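Colleague: Here's a structure for you.
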Amino acid sequence: MKRRDFVKLSALGSAAVLAKSCSTSSDKKQVSILETSKKIKVVSTWISGIDANKEAIRILSSNGSAITAVEKGLNVIESDPNNTSVGLGGMPDASGVVTLDASIMDDQYNCGSVTYLQNIEHPISVARKVMEETPHVMLSGKGAYDFAIEQGFTHKNLLTESSLQKWQEWKKDNSFNLPHINHENHDTIAMIAMDANGKMAAGCTTSGWAFKKHGRVGDSPIIGAGIYVDPEIGGACATGLGESIIKICGSHAVVEFMRSGLTPEEACREAVERIKKTTENYDDLQVGFLAMNITGEVGIHSMYSGFECALQDENRSELIKSGYEFEWE
């Protein structure tokens, strides 16, 4: 499952990398990726975030809200059949079924999520409907699907021929080993946005770990694990092996580290360190965290090399390489 070749894109013609933050654990110097600024800004995980950011920044530039920018930006990737981590074209589970998870949260603790959702192209939009139209935070399975249909969403087959073929090849292998979660095979796109009023929101959407056990749910739809936003501190999101992120309430931990005075970069690194401390064997265990504080400063850090995030504001569009603890061998 090779990622598409990256073509450097920038609506405003910027080609420079924001920061050289690819340090190892032996280099403890922290680098702040961004200067402090409360201007509109959006950051998202992985290379697919570039296209998501374009739509999000368009909304923010028109005085749209952060929550709408997150939803509509992530919709772009959910509708991309060539992205095998999200929505249409997402990799199926071990039973050959595409199941989706998503969550969304604003900076007033309003949040919604869906898990184990099938045949709905835009789970992030359903998650927002859960937040706004119900007294609940999370809906799952058939209940989430029925709610989506009630709200006007359309039933759609999400299993593309390409993803079906990969699943069939995996079954023929007879080993039934799950692919490693790494820089070539990851299971999430997450986003944090700040609007012109300084309001922040975060969202995450995924088809989950390729060929996962039927019924498995990762960190992405879990508030405090996959995403978290605090109006006094900022927001964080996570990507990688969801089981490890859940165990430390990863995104909430990052926000709390920022509350204690750490920069976003330092907070993300501390969350990775916590996973190292609480995991017996983290060989090939990729996790990454992305954070933004209320002043607009952004930080990113991962267990292994290869994690990256896309950033866009009014002046530039960048792909940022993460600092990390270990090199992939």
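Colleague: Please specify each residue of the range 271-281 satisfying the condition of being more than 17 Å from the chain's Cα centre (by Cα) and crowded, with 19+ Cβ neighbours inside 10 Å.
Modeller: Within the range 271-281, just 275 meets the criteria.
Colleague: For the subset of the range 232-247 comprising residues that are assigned to a strand (DSSP E or B) and small (Gly, Ala, Ser), which member is farthest from the chain's Cα centre (by Cα)? Spell out the reasoning first.
Modeller: Let us first name the residues in the range 232-247 that are assigned to a strand (DSSP E or B), namely 234-240.
Pick out the ones that are also small (Gly, Ala, Ser) and you get 234-236, 238, 240.
Working: 234: 16, 235: 12, 236: 10, 238: 6, 240: 9 Å.
The extreme case among them is 234.
Colleague: Which ones in the range 266-298 are outside any strand (DSSP E or B), farther than 18 Å from residue 224 by Cα and in contact (Cβ under 8 Å) with a residue 40 or more places away in the chain?
Modeller: First, the residues of the range 266-298 that are outside any strand (DSSP E or B): 266-286, 294-297.
So of that shortlist, the ones also farther than 18 Å from residue 224 by Cα come out as 266, 276-277, 279-286, 295-297.
Once the filter is applied, which keeps residues that are outside any strand (DSSP E or B), farther than 18 Å from residue 224 by Cα and in contact (Cβ under 8 Å) with a residue 40 or more places away in the chain, the range 266-298 yields 266, 276, 284, 285, 286, 295, 296, 297.
Colleague: Still on this structure, please answer the following. Considering only the range 309-320, state which residues are in contact with a strand residue (DSSP E or B) (Cβ under 7 Å, 6 or more places away or on another chain), more than 12 Å from residue 237 (Cα to Cα) and crowded, with 20+ Cβ neighbours inside 10 Å.
Modeller: To start, the set of residues in the range 309-320 that are in contact with a strand residue (DSSP E or B) (Cβ under 7 Å, 6 or more places away or on another chain) comprises 309-313, 318-320.
Imposing the further condition that a residue be more than 12 Å from residue 237 (Cα to Cα) reduces the set to 310-313, 318-320.
Listed by number, the residues that qualify are 310, 311, 312, 313, 318, 320.
Colleague: Then there's this: Name the single residue, out of those in the range 251-298 being touching a Gly at 6+ places or on another chain (Cβ under 9 Å) and of a type in the set (Gly, Ala, Ser), that is farthest from residue 220 (Cα to Cα).
Modeller: 296
Colleague: Here are some conditions: (1) more than 18 Å from the chain's Cα centre (by Cα); (2) over 23 Å from residue 93 (Cβ atoms). Residue 264 meets all but one. Which one does it not meet?
Modeller: With (1) more than 18 Å from the chain's Cα centre (by Cα); (2) over 23 Å from residue 93 (Cβ atoms) applied to residue 264, the lone miss is (1).
Colleague: For residues in the range 200-214 being assigned to a loop (DSSP other than H, G, I, E, B) and in contact with a strand residue (DSSP E or B) (Cβ under 7 Å, 6 or more places away or on another chain), which is farthest from residue 56 (Cα to Cα)? Reasoning before the result, please.
Modeller: The initial filter retains those residues of the range 200-214 that are assigned to a loop (DSSP other than H, G, I, E, B), namely 207-214.
Then drop every residue that is not in contact with a strand residue (DSSP E or B) (Cβ under 7 Å, 6 or more places away or on another chain), which leaves 207-208.
Values: 207: 21, 208: 23 Å.
Of everything passing the filter in the range 200-214, 208 is farthest from residue 56 (Cα to Cα).
Colleague: From the list 217, 255, 229, which residue is in a helix (DSSP H, G or I), of a type in the set (A, V, I, L, M, F, W, C), modelled with pLDDT of 95 or more and in contact with a strand residue (DSSP E or B) (Cβ under 6 Å, 6 or more places away or on another chain)? Please lay out each step first, then the result.
Modeller: Working: 217 fails: in a helix (DSSP H, G or I); 229 fails: in a helix (DSSP H, G or I).
None of the other options fit; the residue is 255.
Colleague: Also, I was wondering about something else. For the range 132-175, how many residues meet the condition of being assigned to a helix (DSSP H, G or I) and out of contact with any strand residue (DSSP E or B) (no Cβ under 8 Å at 6 or more places or on another chain)?
Modeller: Kept after step one, since they are assigned to a helix (DSSP H, G or I), are these residues of the range 132-175: 132-133, 141-150, 161-173.
Now drop any that are not out of contact with any strand residue (DSSP E or B) (no Cβ under 8 Å at 6 or more places or on another chain), which leaves 133, 142-143, 146, 150, 161-173.
Residues in the range 132-175 being assigned to a helix (DSSP H, G or I) and out of contact with any strand residue (DSSP E or B) (no Cβ under 8 Å at 6 or more places or on another chain): 18 in total.
Colleague: When both residues are 6+ apart or on different chains and their Cβ atoms are under 7 Å apart, which pairs have a first residue that lies in the range 239-256 and is under 13 Å from residue 229 (Cα atoms), and a second that is buried (at least 24 other Cβ atoms within 10 Å of the Cβ) and charged (D, E, K, R)?
Modeller: Matching pairs, first to second residue: 250/219.
Colleague: Quick check on my filter: what residues within the range 237-263 are of a type in the set (Gly, Ala, Ser) and on the phi > 0 side of the Ramachandran plot? Quick ask: steps written out before the conclusion?
Modeller: Filtering the range 237-263 down to residues of a type in the set (Gly, Ala, Ser) leaves 238, 240, 242, 244, 250-251, 253, 260-261.
Passing the criteria: 240, 261.
Colleague: Scan the strands (runs of 3 or more DSSP E) fully inside the range 32-127 and keep the ones with 2 or more residues being touching a Pro at 6+ places or on another chain (Cβ under 9 Å), under 23 Å from residue 139 (Cβ atoms) and modelled with pLDDT of 95 or more.
Modeller: Working: elements: 41-45, 100-106, 111-117.
Strands (runs of 3 or more DSSP E) meeting the threshold: 100-106, 111-117.
Colleague: Based on this model, can you work out whether residue 263 counts as polar (S, T, N, Q), in contact (Cβ under 8 Å) with a residue 12 or more places away in the chain and within 27 Å of residue 76 (Cα to Cα)? So that I can check it myself, show each step before the final result.
Modeller: Working: polar (S, T, N, Q): yes; in contact (Cβ under 8 Å) with a residue 12 or more places away in the chain: yes; within 27 Å of residue 76 (Cα to Cα): no.
No.
Colleague: Between 224, 250, which is modelled with pLDDT of 95 or more, among the small types (Gly, Ala, Ser) and more than 17 Å from residue 276 (Cβ to Cβ)?
Modeller: On the way: 250 fails: more than 17 Å from residue 276 (Cβ to Cβ).
When all the criteria are applied, what remains is 224.
The values are calculated or read from the model by the stated rules, or taken from the named source; none is laboratory data. Computed from a predicted model, the values in this text were never measured in an experiment. Cβ: placed from backbone, ideal geometry, glycine included. Neighbour counts: every protein chain shown.
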